[in-house]
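The values are calculated or read from the model by the stated rules, or taken from the named source; none is laboratory data. What you see is a predicted model; the values in this text were computed from it and never measured. Glycine gets a Cβ as well: all are built from the backbone with ideal geometry, and neighbour counts include every protein chain shown.
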Amino acid sequence: MAGEEKPDVLLIGQKKPVIVKGLESHVTLHYLSDAKDKDAFLRSLADRVRAVAVAYTADRLDAEFMKKLPKLEQVSSFGVGYDHIDAKWAGEHGIVVTNTPDVLNEEVADTALGLLLCTVREFPRAERFLRAGKWLQGHYPLAKATLRNRTVGMVGLGRIGRAIARRLEAFGVPVVYHARNRVPDVKYKYYPKLIDMARDVDTLMVIVPGGESTRNLINADVLKALGPNGILINMARGSVVDERALIAALQDRTIYSAGLDVFANEPHVPKELIEMEHVVLFPHLGSSTEVTRAAMDQLVVDNILAWAAGRPPLTPVPETPYPPKR
C-alpha cells in the first residue's frame, strides 16, 4: 500500500496515546467513541474502512458488526484474549485478526504468583488487621494454609501458563497440568481430564482463553473434586468459572479459598464475594503496569502498520492464518 492514499482505520475503544500517536501519521483514524449514532457512523465509513484497531473495550466485534464493514481486511486487537471477536467468522471471510501475546507473559505470571501468595498466606487480610489497629491487641492468627506440600494443577499451559509454572518450580511447588492436548517438550504430568486433576491436587491455577469452549469449565463438580483444602486462582476470564457455583463452594467451604483477578460481569463483582473475608479479589490487574500496557499498545500499532505496508501480520490468531483466504 506504499505510495497510496493513507488507508482508513477505525479505532474502537479508548483513545490510548501510544495507539493514536503511533497510527495517526500513517493512516486516517476514525474514532467510534466520538459517534453519537454509531450505526450511522459505521454506514458512513462502510466503503472506506479496511482495518480496525481495538483498544480495551467491552464492544463485541461479532459477525453482524464486521458485515457492516465489507472492505475490512484486518482487526488488530489489544490483549491476549480475543473472545470479544468472532475470529472464526473473520477467518472464513478473509479477515485477519491479531492480538498482543508474549509482551505481557511475565507481568501476568508475576500477578498470578502474587495472587496465589496473597490467597494462601492471607496477606491482604493481615494488612487490614494491622491498619485496623488490631495488632495492638494481639498477633495476627497463624495462617492455616501454606504453599508447602501443595501441588498446583495448571488449567491451561500456554505461554503465560508456562511462565507461571516456571515461577512455581522456583518456589519448590510441584506442577501438573490439564489442557485440550498434551504440550510437547514439558516435563509436567499431563491430565487429559480436568476432574481427575482436580481430585489429585489442592490448588487450581486457571489460565485458559475465554469463549464458549471454556465457559463454566470450572463448575460445581470440579470444585467438589478439588476439596476442602482446595484453592482456586483464576487469571483467565470470569466466564471460565461458574461464578454461582464458586460462591456456593466458598460459602459452604466445599473449597478452602479463592483468588480472583477476573469476574463474569466486570467491573461488577458479586456482593457475596466482596463480603467474604477468606477470598482475595483483584480488579483485573494481570498486565496492569504502564510499561507492559504500552508494549501491548505498540503491538496493536505494529500489526496495523505491517498491514498498511503490505507485510504479513506479526501476531495473527490461529483462526485467521495469513495469507487470508477470500
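One table, with the values for the structure above:
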{"item": "Criterion violated by V269 - all others in (1) in contact with a helix residue (DSSP H, G or I) (Cβ under 8 Å, 6 or more places away or on another chain); (2) not assigned by TED's automatic domain parsing to the domain that holds A87 satisfied", "result": "(1)"}
{"item": "Some residue of the range 26-35 being of a type in the set (D, E, K, R) and without any contact (Cβ under 8 Å) to a residue 40 or more places away in the chain", "result": "yes"}
{"item": "Some residue of the range 179-200 being assigned by TED's automatic domain parsing to the domain that holds L113, within 19 Å of the chain's Cα centre (by Cα), buried (at least 20 other Cβ atoms within 10 Å of the Cβ) and not basic (K, R)", "result": "no"}
{"item": "Total residues in the range 219-253, condition closer than 12 Å to F263 by Cα and of a type in the set (D, E, K, R)", "result": "4"}
{"item": "Subset of the range 63-87 [in a loop (DSSP other than H, G, I, E, B) and not hydrophobic (A, V, I, L, M, F, W, C)]", "result": "K68, P70, K71, E73, G79, G81, Y82, D83, H84, D86"}
{"item": "Selection count where residues are assigned to a loop (DSSP other than H, G, I, E, B) and in contact (Cβ under 8 Å) with a residue 40 or more places away in the chain, scope the range 42-62", "result": "4"}
{"item": "Those residues of the range 76-129 which are acidic (D, E) and crowded, with 19+ Cβ neighbours inside 10 Å, in sequence order", "result": "D86, E107, E122"}
{"item": "I274 loosely packed, with under 14 Cβ neighbours inside 10 Å, at pLDDT 95 or above, touching a strand residue (DSSP E or B) at 6+ places or on another chain (Cβ under 9 Å) and among the hydrophobic types (A, V, I, L, M, F, W, C)", "result": "yes"}
{"item": "Of all residues making up the range 143-194, the number that are closer than 13 Å to M205 by Cβ and touching a Gly at 6+ places or on another chain (Cβ under 9 Å)", "result": "10"}
{"item": "All positions within the range 272-293 that are under 19 Å from A126 (Cβ atoms) and out of contact with any helix residue (DSSP H, G or I) (no Cβ under 7 Å at 6 or more places or on another chain)", "result": "I274, E275, H278"}
{"item": "Checklist (1) out of contact with any Lys or Arg (no Cβ under 8 Å at 6 or more places or on another chain); (2) outside any loop (DSSP other than H, G, I, E, B) applied to Y190, failing item", "result": "(1)"}
{"item": "Criterion violated by A295 - all others in (1) of a type in the set (G, A, S); (2) in a loop (DSSP other than H, G, I, E, B); (3) surrounded by fewer than 18 Cβ atoms within 10 Å (Cβ to Cβ) satisfied", "result": "(2)"}
{"item": "Any hit, the range 101-120, residues being in contact (Cβ under 8 Å) with a residue 12 or more places away in the chain, touching a strand residue (DSSP E or B) at 6+ places or on another chain (Cβ under 7 Å) and within 30 Å of D302 (Cα to Cα)", "result": "yes"}
{"item": "Sole residue being in contact (Cβ under 8 Å) with a residue 40 or more places away in the chain and of a type in the set (S, T, Y), chosen from T254, T292", "result": "T292"}
{"item": "Residue within the range 18-25 that is in the same structural domain as V96 (by TED's automatic domain parsing), touching a helix residue (DSSP H, G or I) at 6+ places or on another chain (Cβ under 9 Å) and not in a helix (DSSP H, G or I) present", "result": "no"}
{"item": "Unmet criterion (only one of (1) exposed (fewer than 14 other Cβ atoms within 10 Å of the Cβ); (2) assigned to a loop (DSSP other than H, G, I, E, B); (3) not polar (S, T, N, Q)) for L314", "result": "(1)"}
